Structures are given as C-alpha cells and as structure tokens.
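Inspection log for the structure reproduced underneath, given as structure tokens.
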Amino acid sequence: MRGGQDGVRAPVLQFTNCRILRGRALLREDLWVREGRILDPEKLFFEERRVADERRDCGGCILAPGFIDVQINGGFGVDFSQATEDVGSGVALVAQRILSHGVTSFCPTLVTSPPEVYHKVLPQIPVKSGGSHGAGVLGVHLEGPFISREKRGAHPEAHLRSFETNAFHDVLATYGPLDNVRIVTLAPELGRSHEVIQALTARGICVSLGHSVADLQAAEEAVQSGATFITHLFNAMLPFHHRDPGIVGLLTSDRLPPGRHIFYGMIADGTHTNPAALRIAHRAHPQGLVLVTDAVPALGLGNGRHTLGQQEVEVDGLTAYVAGTKTLSGSIAPMDVCVRHFLQATGCSVELALEAASLHPAQLLGLEKRKGTLDFGADADFVMLDDSLHVRATYISGELVWQAEAARQ
C-alpha cells in the first residue's frame with residue numbers, strides 16, 4: 001500500500017553526500033526514498049514531522065536514473081529469439097546480469113523469426129517489475145520480420161515478410177497476441193504499412209522505423225501515422241544524401257505533426273557508428289537521442305561462434321559479424337560502456353549522456369513520470385556512478401540490487 005497509513009510508517013532512506021541528476025542538472029542534494037519511490041523531503045519534514053530512519057553515505061558519487069535498454073537481443077549466452085521450453089529463465093538471467101551495467105529496465109528484443117518462434121516465445125516474456133531478481137521487463141521489442149530485404153542486415157532473408165491484403169491481420173497471424181509487445185520495428189515503404197502503424201499505435205505499441213530503404217517523404221508519412229522512433233540510426237537504412245536524406249532527415253524535418261517528438265536509437269559501441277556521425281546526430285537533435293546496446297547473445301562471452309535467432313554470429317574482439325561475412329550483427333558492448341563512449345565521442349555534458357540512457361527511453365515509452373527520472377513520486381530505480389561513469393551500485397525501488405566489489409569494502 002503506497003501513500004496510506006502503512007506508507008507513512010514505512011522506513012525512510014536518505015542518500016547523502018551525492019550529486020543527483022534532476023531537471024537536466026547534477027544537484028548537490030540528498031535523495032529520499034520510501035516505499036520504493038522518490039520522496040519530497042519538505043512534505044516529510046513539514047507535514048509528517050519525520051526524519052530519515054536510515055542514512056547512506058554515497059561517497060560523493062553521482063546518482064542517476066537507472067538505465068533503460070529498449071533494444072537488447074540477449075546476452076551471456078541467452079538468445080531471446082530461440083524458441084526454448086523455458087524462455088523465462090533466459091530472460092531472468094540477462095535481467096540479473098545487466099544490473100551490474102546500471103540497467104534497471106529493458107525491452108527484450110526478437111530479431112526476424114518464423115511465426116512459430118513468435119507464437120512460442122512471446123507468451124513467455126510478460127511485463128515484469130524489477131527487483132533483487134533483476135531488471136524489469138517493459139515489454140518486448142519485435143525487430144522484423146516486416147523489413148526491407150535490401151537493408152535486412154543480420155536478419156535472415158528467408159523469414160522476411162510483407163503486409164498482405166489484410167495487413168494488420170497478417171501482423172497478428174505472424175506474431176500472435178500482442179499483449180507483451182512494446183515496440184515494433186518495420187520498414188515504412190512496405191505497402192499498407194500506414195494502416196499497420198495506426199493499428200499498432202492505437203494499441204499503445206511504439207512503432208519504430210528501421211531496416212528500410214524509405215525516402216524522407218515515406219518516413220514523414222509514417223510519423224504522421226504514429227511512428228515515434230528510429231531503430232539504430234544510420235545502420236540498415238539509406239545513407240544520408242543532400243537531395244533526399246531518407247529516414248535520417250527526420251531529425252530536422254519540418255513536416256512532423258505539431259507536438260510530435262521523434263526519438264532515435266544510437267549504438268555507441270565504437271563500431272556501429274563513427275564518432276563524427278554520433279556528433280552529427282547529437283548536435284542535430286540531442287533531446288531525441290536514445291542509447292541502445294543492440295546487444296547479442298555473445299555479450300559477456302568473448303571471441304567465438306554464437307547464435308542470433310536463426311543466424312550464426314562470430315565475435316572477433318569488439319565486433320560481432322554474421323558468420324562468414326563482414327555484416328555487423330548487433331553489439332557486444334553493455335550500456336555503461338555505451339554511455340562512456342558516447343560522452344567521450346560527442347563531448348556532450350555528463351547530464352545529457354546519462355539522460356540518453358534513462359530519461360529519453362522513458363519518454364519514448366511514455367513512462368517519464370515513473371522511470372528515467374529522480375523527480376518526486378517516481379520509482380526509486382537509480383544507479384550510483386563514480387566521476388568516470390563506472391557503475392558502483394544499482395538500486396531498484398530503493399533496494400540495493402547490485403554493488404561493485406570495491407564498494408563493499
């Protein structure tokens with residue numbers, strides 16, 4: 001029970017000696033938590049006449065909202081696109097392991113797969129709150145199979161699909177029930193895509209544009225139909241051209257609906273996107289930038305051969321390829337590494353680098369009142385970082401769920 005008599009009596013935690021990311025600034029303030037939410041200390045003092053039950057010294061660290069990864073295909077040997085009998089245990093393993101990288105919520109992502117895989121896997125990945133068991137699941141991200149053959153990247157060509165006469169019925173026949181789905185990536189140039197975008201957004205599902213040869217006009221029309229996201233900007237789309245900038249042109253388009261905000265994913269792993277391209281995107285539209293890992297099952301495993309859905313992936317150093325080719329196949333960089341690389345590559349502020357992994361994905365999903373923020377009343381999901389942005393501890397609902405070895409001393 002939140003806010004009632006039980007809530008008033010619940011213990012109050014006060015995190016001291018810290019800098020809090022709030023309102024796009026790092027503030028030297030304490031963070032107050034009760035019942036898993038951020039507390040307004042003035043109300044505590046003046047209305048309840050209470051003080052903290054427990055104080056925790058943060059040693060001068062930064063407290064930022066927990067990171068949110070809206071595109072992660074698996075990790076640590078787990079492939080979300082594999083139709084096993086116990087998909088849930090794999091999701092749980094990844095959810096637990098990504099805590100050490102500051103991720104408190106995520107969208108397990110499935111790459112292009114045959115219908116029987118979606119029908120078996122999707123019911124096994126329900127939305128789930130985070131906690132000591134691991135990061136919370138916000139819903140599944142379905143990347144494909146309604147994408148371009150020319151820009152399929154690491155997606156298997158044999159399982160790509162287009163929209164048939166009854167477009168949305170074809171979507172339902174492919175995926176099955178959409179109850180656990182939060183994001184769908186599709187190519188807007190496919191016939192009947194606009195009715196699909198409208199039907200998905202009417203159900204509260206975020207539509208993302210990607211793996212596409214769409215020109216700018218097609219991309220703008222998709223946004224006018226309800227699309228709000230771009231999947232891994234620059235990758236698997238037409239390159240920027242001065243006469244028709246393609247999907248990339250959405251960052252500065254003047255033909256978007258009034259009040260519509262376009263977000264775009266960036267893989268800042270040092271491989272997928274040149275630092276100059278990162279800087280161009282950031283300077284063109286900083287408030288729409290969403291850091292994603294696009295991590296594959298090989299995350300955390302090192303060199304060798306691994307899977308990604310129906311494909312085999314080969315990891316060589318810091319790069320993952322479709323086996324036997326030079327086609328990039330997702331990333332093996334965790335979110336905290338992406339945040340640090342993005343900061344270094346763009347020269348942006350620490351505040352913006354952290355918001356790109358927290359506030360912006362929360363805004364994309366319409367969760368900014370609860371997630372991606374340390375405002376009063378929000379969920380107490382946060383990460384403790386040192387000045388070089390290495391994760392020292394991770395908290396979900398005010399509970400310590402991971403701590404670096406050095407911080408335990």
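The values are calculated or read from the model by the stated rules, or taken from the named source; none is laboratory data. Predicted model only: the values in this text are computed from it and were never measured. Cβ coordinates were reconstructed from backbone atoms using ideal geometry, including for glycine residues, and neighbour counts include every protein chain displayed. Side chains are part of the model used for accessible areas, which takes the heavy atoms of the whole protein and leaves out ligands, DNA and RNA. Shrake-Rupley method; radii C 1.70, N 1.55, O 1.52, S 1.80 Å.
In the calculated pair distance distribution of the chain, what percentage of Cα-Cα distances lie above 31 Å?
Across the chain, Cα pairs with separations above 31 Å total 36 percent.
Name the residues of the range 113-138 whose amide N is less than 18 Å from a point 7 angstrom out from the Cα of Glu85 along the C-beta direction? The answer is 117, 120-125. Apply 1/(1 + (r/R0)^6) to the Cβ-Cβ distance of Arg260 and Gln198, taking R0 = 22 Å, and write down the FRET efficiency to the nearest 0.05. For R0 = 22 Å, the calculated efficiency reads 0.95.
Placing a label point 7 Å from the Cα of Arg24 along the Cα-to-Cβ direction, the residues of the range 261-299 with a backbone N closer than 12 Å are 286-288. For the peptides 48-57, 80-89, 233-242, 358-367, the ranking by mean Cβ contacts within 10 Å, running from highest to lowest, is 358-367, 233-242, 80-89, 48-57.
Take peptides 59-66, 205-212, 99-106 and line them up by average Cβ neighbours within 10 Å, highest first, as a rough protection proxy.
Details: 59-66: 21.6, 205-212: 25.4, 99-106: 27.2.
Going by the mean number of other Cβ atoms within 10 Å, highest first, we get 99-106, 205-212, 59-66.
Between 0 and 90 degrees, rounded to the nearest ten: what's the tilt of helix 335-346 against the longest Cα principal axis of the chain? Around 80 degrees separate the two axes. Largest to smallest in accessible area, the residues Leu343, Leu142 fall in the order Leu343, Leu142 (1.4 Å probe, all protein chains included).
Would you please give the FRET efficiency between Arg279 and Ala404, computed as 1/(1 + (r/R0)^6) with r the Cβ-Cβ distance and R0 = 22 Å, to the nearest 0.05?
That gives a FRET efficiency of 0.10.
Here each label is just a point 7 Å from Cα along the line to Cβ, and for Asp179 and Glu157 those points are 3.8 nm apart. For the range 215-309, trypsin sites (Lys or Arg not before Pro) meeting the loop criterion (DSSP other than H, G, I, E, B) and having at most 15 other Cβ atoms within 10 Å: Arg243, Arg255, Arg260. Extension gain, Arg9-Asp375: 0.36 nm per intervening residue step, less the Cα-Cα distance, totals 129.6 nm. Coupling constants for the range 58-63 follow from the phi torsions by the Karplus curve (6.51 cos²θ - 1.76 cosθ + 1.60, θ = phi - 60°), and in residue order they are 8, x, x, 6, 8, 10 Hz; glycine and proline get x. Here the dipole of the range 66-365 is about 340 debye; that uses its Cα centre as origin and unit charges on the Cβ of Lys and Arg (positive) and Asp and Glu (negative). Considering only Lys151, Lys369, Lys43, the mean-square fluctuation computed in a Gaussian network model of the chain, springs between alpha carbons under 10 angstrom, is largest for Lys43. A 1.4 Å probe run over the protein chains yields, for the chain, 40 Å² of accessible area per residue, whole-number rounding. The count of lysine pairs in the chain whose Cα atoms are under 22 Å apart, excluding pairs fewer than 8 places apart on the same chain, comes to 6. Counting protein heavy atoms only, the chain has 49 percent of its accessible area on carbon and sulfur, 1.4 angstrom probe.
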